[in-house]
Amino acid sequence: MPTRRAVADRIVPAPGAGMPAPAAGGTPRAIRARRAGQGAGIGLGLLSAMCFGTSGTFGAALEGAGWSPAGAVLARVCVAALALTVPALIALRGRWALLWRSSRQVIVYGLVGVAACQVGYFNAIARMDVGISILLEYLGIVLVVGWLWARHGQRPRLLTVLGGVAALGGLALMLNLSGAGGVSTTGVLFALAAAVSMAVYFFQSAQTAAADGGDALPPVALTWGGMITGAAAIALVGATGLMPLRFTTDSVTLLNSRVNWLLPVLGLGVVAAAIAYVTGIGAARRLGAKLGSFVAMAEVLFAAGFAWVLLHQVPTGTQFLGGLLILAGVVAVRLDEP
């Protein structure tokens, strides 16, 4: 059996152990296959970002009706877990040993990538402007690049550095950080916790093999297990009184109309969680943590687009410029990929 070595956030066979080292760049067929895989990964990443971008509209509708942030998050992950149960069981096909071998990844993914990230962000926006909170959360992308440099010796090249600066600058313009709200120390800490959680989410999503070198857990099964774990953690913390859990069955205002509360709850759980997380894992496994995290920044563009079309919040010229900078940053990082 060939030995293995970690390369960035992927696991690939190591040269030696009776296997010839591949030529630099690989064969033309391998190069075409890799490019096709990255193209599919970018498509999945954009779909994931689009689905995540709907969460603001659905979440705001629930909070406007009296739901607490933690209550909305708990409803989101519970609905996602229910929606993914049958697809996850089909994907597992009775391979419960695979789920058991991946239990550590599932637990980390659920506690950090699902529960901690969402709870950290919602607590941050309760204390600061949304724009400042999101920008701090997206520092998780910088953490991804920094970790790859410190842990795996992948020193970022010029295009990656320029792409990161352009993308973060675009976020600042898109989110209009000149708002009147102040900066809360507690809010900053919550946002930075969300940033760390986001970085962990990308690394966990990008794992293409189990810890023991076996097959990786299917994306839908990983998402399902993560949602169950995250829901249990949020419910437990809420039961202790550390986070208020408020729910209401009153109708909510969505798209300038009064609708049943189930509509935004299902939107949050199915679209903004189940579909978003599954496609996000599929994208990260094809792109790796670094490129996958940059593609995910398109969520800001989609969120602004949904607000424009559905809530009539027309983006300003500055926000359009920010969107172009984000796009330029993603392209730069894509070009910097080997």
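Please treat every number below as a calculation from the coordinates, not as lab data. No experiment lies behind these values; they were computed from the predicted model shown. Positions of Cβ are backbone-derived with ideal geometry, glycine not excepted, and every protein chain shown enters the neighbour counts.
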Query raised in the report: How do the peptides 285-291, 48-54 rank, highest first, by the average count of neighbouring beta carbon atoms within 10 Å per residue?
Result: 285-291, 48-54
Report task. Could you line up W224, W100 from fewest to most neighbouring Cβ atoms inside 10 Å? Result -> W100, W224
Query - Ranking of F122, F306 by count of other Cβ atoms within 10 Å, fewest first - result: F306, F122
Query raised in the report: Order of 71-81, 230-240, 251-261 by packing, highest average Cβ count within 10 Å first?
Result: 71-81, 230-240, 251-261
Query raised in the report: Cα convex hull of the stretch 44-336: how many Å³ per residue?
Result: 129 Å³
Requested in this report: Please compute P(r) over all alpha-carbon pairs of the stretch 34-129, binned at 10 Å starting from zero, and give each bin as a whole-number percent.
Outcome: 12, 33, 35, 17, 3
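How would E63, E299 line up from fewest to most surrounding beta-carbon atoms within 10 angstrom? Can you show the working numbers first?
On the way: E63 19, E299 25.
By the 10 Å Cβ count, ascending, the order reads E63, E299.
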